[in-house]
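J.: My questions all concern the structure below.
Derivation of every value follows stated rules applied to the coordinates shown; laboratory data play no part. Keep in mind that this is a model prediction, so the values were computed, not measured. In this analysis, Cβ positions are derived from the backbone assuming ideal geometry, glycine residues included, and neighbour counts consider all displayed protein chains.
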Amino acid sequence: MIPTEWDHQDLATLSATPITYGVVKPGPHDDSDGVLFVRGGDFPNGKIDPSSLRTITRSVSNQYRRTQLRGGEILVSLVGYPGACAVVQPELSGANIARQAAIIRLKDSTATEFVAAYLRSPIGQAELLSNTLGSAQQVINLKDLRKVVVAIPPKGERDKIAEILSTWDRAIETVEALIANARHQKAALMQALLTGRTRLPGFEGEWTWTIFSDVFERVRDKNTVGDTNVLTISAQHGLISQTEYFNKVVASDDVRGYTLLRRGDFAYNKSYSDGYPFGAFKPLDRYDQGIVSSLYICFRLTGPEHDHDFMRHYFEAGLFNREVAAIAQEGARNHGLLNVSVVDFFDTSLHTPPPDEQRAIAAVINDAEAKERALTVQRDALSKEKAALMQQLLTGKRRVKVARGEGE
């Protein structure tokens, strides 16, 4: 139950100007005289990275002066990442926003951080997304956004809650920075060690080019055992069950023609995506077995002469992309799939060191991977604790102490 002394106001009432969206037709990108341009997908995690923004021409931006940013506004993504919410930092003054983002300027600017925190909370997100339109892609309607009601405590309590949540945000951001640094170091390590540019102490053996089919054999096993664990490839999670990833199975009802994978087997998805311009290679390490679409090319090591983790990192570092690029037939892409024949695929080459150096390299990268994973677990735990705290603070179930006269 929300405390009786808390005020309830909709966003339209709280806003000093009409809540609206930005530039409808951004026009061409302009490097010379461009204006930074914030789209609905530019702040999925609640932060706007100026270095990642596109620009639009100044003339186009001037046609939409009402949505030119001054700093301190709240932006809400209407589509793409519906409900994502960010407070505009001062250095973005003069930038503009896209049609996929709505702008909210509060009458009381001191309430900005609290209102933004409320909209990011499970309660606020439930309200923002309760009336989304569309089945394939959710869209928040401006009319519904204006009606979203925010429960606001007295100023002293409001500011104290915002301060507490900001402290948690800073802690999470610190860990996220450590994750980014660990990821960067791991990537640099992979490029140095997996190419042989940097050698580990004690290793001087020659690296050799080996035919792919001498290292891997094709997995042809069909799903004759009635396995129902349908897998999909995720950039973050690797081969993961569709029920776990999508919360449903999106495969066909008849999966007897699917390929049966066992732990340690690899699958190559010929579909290109962000971070994987020549498709993704992932091993099955989450389950003992599972099945994948016959569109995937599946393979396993022929023997112990090559290290499984070395090959896993080799593929993830994109070192096999050149081989795929050489055999992919341009102009024959179908629904986002590269046209790569199985015969050509197994006739490619791999550049690898002797087995003992493979194992040593894999151990170093595994250690870096474990450090990144530990930081990710720490970040996720902090985020979970913050979400639980938000639920209590923003509903008044947990009250904060405010000194007499503070915030009046």
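J.: Place a +1 charge on the Cβ of each Lys and Arg in segment 208-352 and a -1 charge on the Cβ of each Asp and Glu, then give the dipole magnitude about the Cα centre in debye, rounded to the nearest 20.
T.: Magnitude of the dipole: close to 280 debye.
J.: Distance between the C-alpha centers of segment 281-333 and segment 212-267? Whole Å please.
T.: 13 Å
J.: If you don't mind, another one. Return the FRET efficiency for the residue pair Ser294, Ala12: r is the Cβ-Cβ distance, R0 is 56 Å, and the value is rounded to the nearest 0.05.
T.: Step by step, r from the Cβ atoms, then E = 0.60.
J.: Please give every one of the lysines within straight-line cross-link reach of Lys282, meaning a C-alpha to C-alpha distance under 24 Å, and leave out same-chain neighbours fewer than 8 residues apart.
T.: Partners within reach: Lys186, Lys222, Lys248, Lys270, Lys371.
J.: Excluding Asp42 itself, what net charge comes from residues whose Cβ is under 10 Å from its Cβ, given Lys and Arg +1 and Asp and Glu -1?
T.: Spelling it out: positives minus negatives among the neighbours equals +2.
J.: Between Leu53 and Thr228, what length comes free when the chain is fully extended (0.36 nm per residue of separation minus the Cα-Cα distance, one decimal in nm)?
T.: 58.7 nm
J.: How big is the gap, in Å, between the Cα center of segment 164-198 and the Cα center of segment 1-41?
T.: 31 Å
J.: What does the charge count near Ile365 come to, summing +1 for each Lys or Arg and -1 for each Asp or Glu among other residues with Cβ under 10 Å from its Cβ?
T.: Cβ neighbours under 10 Å give a net charge of -2.
J.: Kindly give Rg over Rh for segment 174-281, based on alpha-carbon atoms, with the Kirkwood expression for the hydrodynamic radius.
T.: Across segment 174-281, the Cα-based Rg/Rh ratio is 1.06.
J.: Evaluate the Kirkwood expression for the hydrodynamic radius of segment 208-352, namely the inverse of the mean inverse distance over all pairs of different C-alpha atoms, and round to one decimal in Å.
T.: For segment 208-352, inverting the mean 1/r across all distinct Cα pairs yields 15.6 Å.
J.: Now for a separate question. Using +1 at the Cβ of each Lys and Arg and -1 at the Cβ of each Asp and Glu in the chain, identify which of Pro44, Gly94, Asn229 lies farthest towards the dipole's positive end.
T.: After comparing all options, I get Gly94.
J.: Figure the gain on full extension for His351 and Thr198 (residue separation times 0.36 nm, minus the Cα-Cα span) and round it to one decimal in nm.
T.: 53.6 nm
J.: Which residue, chosen from Ile56, Ala403, Leu75, occupies the Cα position most advanced towards the positive end of the dipole of the chain, where the dipole is computed from +1 (Lys, Arg) and -1 (Asp, Glu) charges on Cβ about the Cα centre?
T.: Ala403
J.: Give the lysines whose C-alpha is closer than 23 Å to that of Lys147, dropping any in the same chain fewer than 8 places away, or say none.
T.: Lys107, Lys155
J.: If you don't mind, there's one more thing I want to ask. Using all alpha carbons of the chain, what is the percent of pairwise distances in each 20 Å bin, ordered from the shortest bin to the longest?
T.: P(r) over the chain, rounded to whole percents: 21, 44, 30, 4.
J.: Given charges of +1 on the Cβ of Lys and Arg and -1 on the Cβ of Asp and Glu, with all other atoms neutral, how large is the dipole of segment 173-246 about its Cα centre, in debye to the nearest 20?
T.: Result for segment 173-246 is approximately 140 debye, rounded to the nearest 20.
J.: Say each of Arg373 and Gln329 gets a label point 7 Å from the Cα, pointing the same way as Cα to Cβ; how far apart are those two points in nm?
T.: 4.0 nm
J.: If you put +1 on each Lys and Arg Cβ and -1 on each Asp and Glu Cβ, how big is the dipole of the chain around its Cα centre, in Debye rounded to 20?
T.: 1440 debye
J.: For segment 60-138 and segment 368-401, write down the distance between their C-alpha centroids in whole Å.
T.: Centre-to-centre distance over Cα atoms comes out at 23 Å.
J.: Also, I was wondering about something else. If each DSSP helix of 4+ residues adds -39,500 (n - 2.57) and the sum is divided by the residues in the chain, what number results at 222 nm, nearest 500 deg cm²/dmol?
T.: -10500 deg cm²/dmol
J.: What span do the alpha-carbon atoms of segment 1-106 cover on each of the three principal axes, reported in whole Å from largest to smallest?
T.: The Cα atoms of segment 1-106 stretch 55, 25, 24 Å along their principal axes.
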